[in-house]
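Peer 1: Sharing a structure with you now.
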Amino acid sequence: MKPAPFEYHAPDSLDGALSLLAHADGDTKIISGGQSLLPLMNLRLSRPEALIDIERLPELRGIRVDETSIRIGATTTHAQIEHSTELAAACPLLPVAARHIGHAAIRTRGTLGGSLAHADPSAEWPTVMSLLDARFCLRSEQRGSHWVPARQFFKTFFTTALEPDDVLVEIEISRTEPGVRWAFHEFARQSGAFAIVTATAIASVEPDSTVSKIALAVGGCGATPRTYTDGQLTLLGAPLSETTIKAAARTLVADTDPLTDVHATSADRRQIVQALIERTLRDLGAPASTTRDMTR
Amino acid sequence: MNTHRIELTINGTRVEREVSSRQLFIDFLRDDLGLTGTHAGCEHGVCGACTVLLDGEPVRSCLMLAVQAREHEVTTVEGIAGDGELHPIQKAFWDAHALQCGYCTPGFITTLYGVLQARPNATDSELRDALNGVLCRCTGYQNIFRAAQMARDAAAADEGAS
C-alpha cells in the first residue's frame, strides 16, 4: 500500500521547522527516520497533510558525554547508539537496549526521538528512559524550550506531553556512579520482532551485597512504561535473595495492567513479565552486570 | 511542496530525477529507474525483501521516501553482480540451493553484501543476526544460512589473501 498524498518540507534549520509546524494549516507530522510513521502512512492508518523532515538538522544529532551527563540529540539513530563506544563506556544499558530494536535495517534509520514521540508502551526507549529518569527537551516557536522528565512524558498509548507545535530535540540522562549494576530483558516471539514485555533495572549494590538504591521499569504491561523505585520494591537494605526476588516480582506483577492483543493475552504478559523481572533482579545480584535475551 | 528534484548515486552512477513527495524509495527504484531486483513484500518494514544499502548500511526502501534518499550512495542487488558474472554471495546461494521462488533473495543478498563488506570475518552468530532481518516462506532458512557461511568463508579467504 502507498501513503495518501501529502506535502513534504525539509527546512534547513530547527527554527525553520518549528515555524512551519507552528503555522501549519492541516494535520502536520514531524518525520526523521520514519520507521514508525511510514508503516502507518503506507497502511493509511495515518494520513498527515504535510511532513516536516528534521532528519538532516545538525542541531538534533550527536551524542555528548561528560562527567555528569549524557546528552543525545533526538534524531540520533538506534544504530548510532548501538555502536557508540562512548555510550558503551558511560551507560552500557543504552547500546544493549538499542540492539534489541527491530533489525539492523530499522536501526539504520529509526531514531531515539522518534521512538519516544511515538510512545508505543512496548518499545524499548520509553521503558529505558523512564528507568533512567531521563529528561526530554521540547521546543516550540511560541514557548521556546522546556524540559519534561521521562516519567511524566508518556501519558497513554501513543500519547505524550508533546503539544502539536512541539518538537522533541534532546534527551539528557544523568551519569550513574561507577559500579551501578544494570540488567535488561525483553521477550519477543522472534529476535527482532516487536517486544511483548520488557523488564530493565539499575541498582547500587554495596560490597556486602545489600541493595542501597534500585529502580526497575516494565514495558508492554500497560498504557505507558511503569517505573518502580527504592521503597516500592521492598528490596533495599538487604542482599538480593531468591525469596526477596520472587516476592518483589509477584508484587510488581499484581500492579501491572497488561492488555490482551493479537500478540499475547493479559495473563501471558503477566506470566512472562514476572519471569523477566526475576531474571532482571537476579542479574543485579550477580557479580558482574549481565544481560540475556530470551529470544536467543 | 509536492515534487522535488533529487540527486543521488545508485550503484556507482549519478542519477537526477524529479519525484513526488509521496513516492516511496522502493517505487522510485523499481518504477523510475527500472531496478526491479528490489522487491516489495509487506510495505511496512517487516519482511526485508525491499532491503537496499544506503551508504553501505541496510535500510528498508519501503520505509523511505524517495526524496529522503537524496545525496546518498545506494547499492541495490543489481550493483552487487559483476559484469555478467555472479558475485561470490550469489554463487553461494546457487551452490547451497538457498532460493526457491527468489522473492526474498535480493533482500538476503543485499543484507549479506553489506555485512561482509564491513566484516568479512563475520561470525556465524553475526551472520544469523543479519539474516534475521529478512523473511523467507520457501526454504526454511537452513540453506540460506549455509550460503551465508560459504560467502563469508570466501570473503574471509579473500581478505586473508590480500
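The values are calculated or read from the model by the stated rules, or taken from the named source; none is laboratory data. Keep in mind the model is a prediction, meaning the values are calculated, not measured. Every residue, glycine among them, receives a Cβ derived from its backbone with ideal geometry; neighbour counts consider all protein chains shown.
Peer 1: Would you please name the residue that is nearest to A:GLN80 (Cα to Cα), looking only at residues in region B:12-61 that are hydroxyl-bearing (Ser, Thr, Tyr) and away from chain A (no Cβ under 11 Å)?
Peer 2: B:THR38
Peer 1: For region B:21-37, state whether one or more residues are under 13 Å from the mean Cα position of the chain (by Cα), of a type in the set (D, E, K, R) and modelled with pLDDT of 95 or more.
Peer 2: No, every residue in region B:21-37 fails to be under 13 Å from the mean Cα position of the chain (by Cα), of a type in the set (D, E, K, R) and modelled with pLDDT of 95 or more.
Peer 1: Which of the residues belonging to region A:137-167 are assigned to a strand (DSSP E or B) and under 18 Å from A:ASP27 (Cβ atoms)?
Peer 2: Within region A:137-167, A:SER140, A:THR159, A:THR160, A:VAL167 qualify.
Peer 1: Could I ask something else about it? Mind counting the residues in region A:18-32 that are within 19 Å of the chain's Cα centre (by Cα), within 13 Å of chain B (Cβ to nearest Cβ) and under 17 Å from B:ASN2 (Cα atoms)? Step through it out loud before you land on a result.
Peer 2: So in region A:18-32, the residues within 19 Å of the chain's Cα centre (by Cα) come out as A:30-32.
Next, only the ones that are within 13 Å of chain B (Cβ to nearest Cβ) stay: A:31-32.
Then drop every residue that is not under 17 Å from B:ASN2 (Cα atoms), which leaves A:31.
Of the residues in that region, 1 qualify.
Peer 1: A further question follows. Restricting attention to region A:33-80, report how many residues are within 14 Å of chain B (Cβ to nearest Cβ) and surrounded by 15 or more Cβ atoms within 10 Å (Cβ to Cβ).
Peer 2: In the first step, residues of region A:33-80 are kept if they are within 14 Å of chain B (Cβ to nearest Cβ); the result is A:33-57, A:75, A:77-80.
Checking which are surrounded by 15 or more Cβ atoms within 10 Å (Cβ to Cβ) leaves us with A:33-42, A:46, A:48, A:50-57, A:75, A:77-80.
Number of matching residues: 25.
Peer 1: May I pose another question? Sort out which residues of region A:181-194 are more than 28 Å from A:THR210 (Cα to Cα), small (Gly, Ala, Ser) and at pLDDT 90 or above, and write them in order of number. Give the steps one after another, and end with the answer.
Peer 2: Here is the first cut: in region A:181-194, the ones more than 28 Å from A:THR210 (Cα to Cα) are A:187-194.
Narrowing further to those that are small (Gly, Ala, Ser): A:188, A:191-193.
Of everything in region A:181-194, just one residue is more than 28 Å from A:THR210 (Cα to Cα), small (Gly, Ala, Ser) and at pLDDT 90 or above, namely A:ALA188.
Peer 1: Name, by its number, the condition in (1) under 26 Å from B:ILE6 (Cα atoms); (2) acidic (Asp, Glu); (3) away from chain B (no Cβ under 14 Å) that does not hold for A:GLU86.
Peer 2: (1)
Peer 1: I'd like to verify a number: residues in region A:63-73 that are of a type outside the set (Ser, Thr, Tyr) and farther than 9 Å from A:GLU170 by Cβ, how many?
Peer 2: Going through region A:63-73 one residue at a time, the tally reaches 6.
Peer 1: Something else about it: Quick one: count up the residues across region B:55-79 that are buried (at least 22 other Cβ atoms within 10 Å of the Cβ) and without any contact (Cβ under 8 Å) to a residue 60 or more places away in the chain.
Peer 2: Within region B:55-79, residues that are buried (at least 22 other Cβ atoms within 10 Å of the Cβ) and without any contact (Cβ under 8 Å) to a residue 60 or more places away in the chain number 9.
Peer 1: While we're here: Among the candidates A:ILE31, A:ILE52, A:ILE63, single out the residue that is under 26 Å from B:ALA130 (Cα atoms) and either out of contact with any Lys or Arg (no Cβ under 7 Å at 6 or more places or on another chain) or at pLDDT below 95 (or both).
Peer 2: A:ILE63
Peer 1: Across region B:62-92, what is the total count of residues that are more than 14 Å from chain A (Cβ to nearest Cβ), assigned to a loop (DSSP other than H, G, I, E, B) and not aliphatic (A, V, I, L, M)?
Peer 2: 5
Peer 1: Kindly provide the set of residues from region A:24-57 that are free of Cβ contacts under 8 Å to residues at least 24 places away in the same chain and not charged (D, E, K, R), ordered by number.
Peer 2: A:PRO39, A:LEU40, A:LEU45, A:SER46 - these are the residues of region A:24-57 that are free of Cβ contacts under 8 Å to residues at least 24 places away in the same chain and not charged (D, E, K, R).
Peer 1: Could you please find all residues in region B:93-137 being of a type in the set (Ser, Thr, Tyr) and either in a helix (DSSP H, G or I) or closer than 19 Å to B:GLY12 by Cα (or both)?
Peer 2: Within region B:93-137, B:THR105, B:THR110, B:THR111, B:TYR113, B:SER125 meet the criteria.
Peer 1: Out of the residues in region B:1-44 that are in a loop (DSSP other than H, G, I, E, B) and in contact with a His (Cβ under 9 Å, 6 or more places away or on another chain), which is surrounded by the fewest Cβ atoms within 10 Å (Cβ to Cβ)?
Peer 2: B:MET1
Peer 1: Name the residue, out of A:ALA161, A:ALA195, that is in contact with a strand residue (DSSP E or B) (Cβ under 6 Å, 6 or more places away or on another chain), among the small types (Gly, Ala, Ser) and without any contact (Cβ under 8 Å) to a residue 60 or more places away in the chain. Reasoning before the result, please.
Peer 2: Details: A:ALA195 fails: without any contact (Cβ under 8 Å) to a residue 60 or more places away in the chain.
Among A:ALA161, A:ALA195, only A:ALA161 is in contact with a strand residue (DSSP E or B) (Cβ under 6 Å, 6 or more places away or on another chain), among the small types (Gly, Ala, Ser) and without any contact (Cβ under 8 Å) to a residue 60 or more places away in the chain.
Peer 1: Mind listing whichever residues of region A:4-21 are surrounded by 15 or more Cβ atoms within 10 Å (Cβ to Cβ), over 14 Å from B:VAL67 (Cα atoms) and either charged (D, E, K, R) or in contact with a strand residue (DSSP E or B) (Cβ under 8 Å, 6 or more places away or on another chain) (or both)?
Peer 2: A:LEU14, A:ALA17, A:LEU18, A:LEU20, A:LEU21
Peer 1: Would you pick out the residues in region A:204-242 that are over 28 Å from A:PRO121 (Cα atoms), of a type in the set (S, T, N, Q) and assigned to a loop (DSSP other than H, G, I, E, B)?
Peer 2: The answer is A:SER209, A:SER241.
Peer 1: Residues A:THR127, A:THR200: which one is buried (at least 23 other Cβ atoms within 10 Å of the Cβ), in contact with a Pro (Cβ under 6 Å, 6 or more places away or on another chain) and more than 14 Å from chain B (Cβ to nearest Cβ)?
Peer 2: When all the criteria are applied, what remains is A:THR127.
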